[in-house]
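See below for the structure under consideration.
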Amino acid sequence: MKRLILILFALPIAVPAPCSAEVGGLVNLGVRVNDFDEESARFDEYRDKSDGLFGSADILMDNETYFVGASVENPFLDDQYYNLRGGVYGVFRGEVFYDELRHRLSYDALSPATGIGSSVLTVPGSVPPVSAWTPFDYDFKVKTLGTNITVDTQNPFYFKVSADQQRREGIAPRGMYAGTATFELPMPIDYTTYTTMLESGYRSKETTAVFNAGYSYFENDNELLTLRFGSQVEEFSMPADNYAYNLGARLTQRLPMESLLALKAAYNHHVSEPDFGQYLTQPSPTADGDFDGDIRYIRGSAALTSQWNSALDTRLFYNYVDRDNKSEHITVVTDGDIRHNHLLEYEKHQAGLDANYRLNRANKLTGGYEFSGTDRSRDDADTTYDHLVFAEIKNTAVDWVAAKLRLEYLNRDSDTDYEPEDLEGDGLIRAFFTPFDYASKDRYKAKVEFDMSPMERLTLGLSYALVFDDYDASLLGLQQDQRHEIYADANVQLPAKAKLHAYAGYEYTRSEFDSRRYNPGGADPTLPVTPLDFNWSEEFDYDFFIIGADATIPLHARLELVVSADYQLVDGNIDFARSAAAGAPLGTITEADDYYKTRAGMKGIYQIDNHWSTTLGYGYEKSNLDDWRYDNFTYRSGTVFLSGAGLDRDYEVHQLYLIASSRF
């Protein structure tokens, strides 16, 4: 980062003399104070709202020949951004940038281990009491430094090159085991990714042709994580070093009848070679001590859009994806049990036709059909065929109302490819269960929208959507999933140039999932119910509410007041049920991802003159999560030892800030 700051300081030296160049920009400098009633990493999860100084600057100097600019955001905080850009019009343009972000996961975690942040964690054989554990925070920083330059002269050819380096450093929670004990411990994050891209192209009024190539390399400084628990030693794999390169091309060509043909093709190759020889506690499953990971993708697409006349246009398209897994096959024999790694491969074809037809001045009809077929090397989802049809009509018969109705139907047919011996004994359960993302289903979707302007100073929006998935071919697994959404918003121009924007929404989700509990020999879900062999069900219900508004009120020719408020609520329930012959009722969880979030703010903006303004503001934010998984939480229970990741889920904060702004 020091190098980038030096670049910014060198800006006045690096650019040509201003001559007749114009200089303009915006500079903001502020100070902020927070008062926490309750603090949590969730408040600053992807941002930095710390006490102290904050600000930004964006400066541009340009004339008819060249331009040079620089941007800075929050140089005093953990979400910094710097950008230096420039170029000569009709010749080239480029930029150098640096971006920094801290992802905060959880504060005040505890661990009985020493070596936090390293690849070797040590826990005493006699785990000490929680009061003696070490406190720490789960978080990691992401730092990206990059550059790109484009050479684009007056001829039809151009060339572009870009490169960046991203660093991730910190710790994240990970589950581990050692003998009979289970731990949640801090895993070190120390990743670096290098990416380079090259692109060259040709452009004319009729034709655009582009070729690109890229290379990416991922490096992990800790490919092995070791846990020492007393005299026991356990080793765990971490993301391995890997690299990938890709080649791509695309072509667009204008054709007669106002048609446009677009073609794309790409090849991606991913290689990873983990070193099994670094493990000390277990032998390598391969003869040379390495795993040869090799996955290749071929992608292609074609689309033809045509404007047949003033009323009709169509789009015909085709997409193809082939995943070829040439990774090494591994066979491991443990206590007579033979296991193999599963190498996923698939081939996917997708084709469709859609059309837009203007029936008359007030009505426009859209419709289409899409087919998708996927063939995988998966026993539980060998083939999947999707047939999708949709229709949409837009109506503007009433001057102040624009209405739209869309209907959609999807039929998915999936098939399995188990060997006969896989469906014998307890393996019979496979014949009745398919993962929901591949399972056969019928999906029905409908959405209606209204955009209204009943008055000159009033606009309204209203929409309702329904989605219903029916998995009637699955005896076990997801059975139904239905969702309802309704949203409304309004924009009002009030007297004295005041503005009001208000919105509200409600979503309801309900899912039904069937499972089976069985002892050896009782896998068949059609067998009579017993206390040890029975089917049971889960019913998930979630309600989501949101309501909010913001208003801008001019109090004076130079003074403006902005007020905003927002409230969100989620109420979740999970209801469990089973036959009375199987035993007592299973009950209901009434706190399933329940949360509410309140935000309110008020700020006054005073325009001192044409260049200077100042803002004084207050903000309030409160978030609360109630979830059954955190009820009666304990750091240690028998031989299970947790770190408390995610416990600091609630926060409440009052914030005051003052900003001075200069525009020139």
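The values are calculated or read from the model by the stated rules, or taken from the named source; none is laboratory data. Every value quoted in this text rests on a predicted model; they were computed, and no experiment measured them. Because the Cβ atoms are built from the backbone with ideal geometry, glycine has one as well, and the counts that use them run over all protein chains shown. The protein model used for the area step is the full one, side chains on, heavy atoms only, and it has no ligands, DNA or RNA in it. Shrake-Rupley method; radii C 1.70, N 1.55, O 1.52, S 1.80 Å.
What the table shows:
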read-out	value
Residues satisfying the stated conditions in the range 486-505, i.e. assigned to a strand (DSSP E or B) and open to solvent by less than 70 Å² (accessible area, probe 1.4 Å)	Ala488, Asp489, Ala490, Asn491, Val492, Leu500, His501, Ala502, Tyr503, Ala504, Gly505
Qualifying residue in the range 227-248 (condition: modelled with pLDDT of 95 or more, more than 30 Å from Gly115 (Cα to Cα) and loosely packed, with under 15 Cβ neighbours inside 10 Å)	yes
Within the range 69-87, considering residues that are open to solvent by 20 Å² or more (accessible area, probe 1.4 Å) and either in contact with a Lys or Arg (Cβ under 6 Å, 6 or more places away or on another chain) or not in a loop (DSSP other than H, G, I, E, B) (or both), the one farthest from Thr150 (Cα to Cα)	Asp78
Selection count, the range 37-61, where residues are more than 21 Å from Phe76 (Cα to Cα) and modelled with pLDDT of 95 or more	2
Residue ranges of strands (runs of 3 or more DSSP E) in the range 184-279 with at least 1 members farther than 30 Å from Lys160 by Cα and β-branched (Val, Ile, Thr)	224-229, 232-237
Selection from the range 436-451 of residues that are open to solvent by less than 30 Å² (accessible area, probe 1.4 Å) and either touching a helix residue (DSSP H, G or I) at 6+ places or on another chain (Cβ under 9 Å) or in a loop (DSSP other than H, G, I, E, B) (or both)	Ala439, Ser440
Residues of the range 161-196 satisfying the condition of being open to solvent by 40 Å² or more (accessible area, probe 1.4 Å), touching a His at 6+ places or on another chain (Cβ under 9 Å) and closer than 30 Å to Thr639 by Cα	none
Residue that is farthest from Tyr620 (Cα to Cα) [pool: residues in the range 39-66 that are open to solvent by less than 50 Å² (accessible area, probe 1.4 Å) and not in a strand (DSSP E or B)]	Asn63
Selection within the range 580-602 - open to solvent by less than 70 Å² (accessible area, probe 1.4 Å) and either within 30 Å of Ser662 (Cα to Cα) or under 35 Å from the mean Cα position of the chain (by Cα) (or both)	Gly587, Ile589, Glu591, Ala592, Asp593, Asp594, Tyr595, Tyr596, Lys597, Thr598, Ala600, Gly601
Tally, over the range 540-570, of residues that are in contact with a strand residue (DSSP E or B) (Cβ under 6 Å, 6 or more places away or on another chain) and over 18 Å from Asp627 (Cα atoms)	20
Candidate set from the range 351-363 (those that are open to solvent by 60 Å² or more (accessible area, probe 1.4 Å) and not polar (S, T, N, Q)); member that is nearest to Asp437 (Cα to Cα)	Leu353
Tally, over the range 558-579, of residues that are closer than 26 Å to Ile605 by Cβ, under 25 Å from the mean Cα position of the chain (by Cα) and open to solvent by less than 40 Å² (accessible area, probe 1.4 Å)	1
Entirely in the range 301-407, the strands (runs of 3 or more DSSP E) that have 2 or more residues that are in contact with a His (Cβ under 9 Å, 6 or more places away or on another chain) and farther than 19 Å from Leu261 by Cα	331-334, 363-376
Failed item in (1) without any contact (Cβ under 8 Å) to a residue 40 or more places away in the chain; (2) open to solvent by 30 Å² or more (accessible area, probe 1.4 Å); (3) under 19 Å from Glu449 (Cα atoms), with Ala402 passing the rest	(1)
Pair list, Cβ under 7 Å, 6 or more apart: the range 124-138 residue aliphatic (A, V, I, L, M), other residue open to solvent by less than 70 Å² (accessible area, probe 1.4 Å)	Val127/Pro112; Val127/Phe641; Val130/Leu110; Val130/Tyr635
Selected residue [modelled with pLDDT under 95, open to solvent by less than 80 Å² (accessible area, probe 1.4 Å) and among the polar types (S, T, N, Q)] from Ser372, Ser310, Ser377, Ser301	Ser377
Whichever residue in the range 125-143 is open to solvent by 60 Å² or more (accessible area, probe 1.4 Å) and in a loop (DSSP other than H, G, I, E, B) and, among such residues, is farthest from Arg636 (Cα to Cα)	Ser126
In the range 599-620, the residues that are of a type outside the set (Gly, Ala, Ser) and closer than 14 Å to Val563 by Cα	Arg599, Met602, Lys603, Ile605, Thr615, Leu616, Tyr618, Tyr620
So Leu261, is it at pLDDT 95 or above, open to solvent by 60 Å² or more (accessible area, probe 1.4 Å) and more than 23 Å from the chain's Cα centre (by Cα)	no
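Conditions tested, residue by residue: (1) open to solvent by 30 Å² or more (accessible area, probe 1.4 Å); (2) within 30 Å of Arg32 (Cα to Cα); (3) modelled with pLDDT of 95 or more.
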| position | (1), (2), (3) |
| --- | --- |
| Arg93 | yes, no, yes |
| Tyr98 | no, yes, yes |
| Ile116 | yes, no, yes |
| Leu121 | no, no, yes |
| Leu145 | yes, yes, yes |
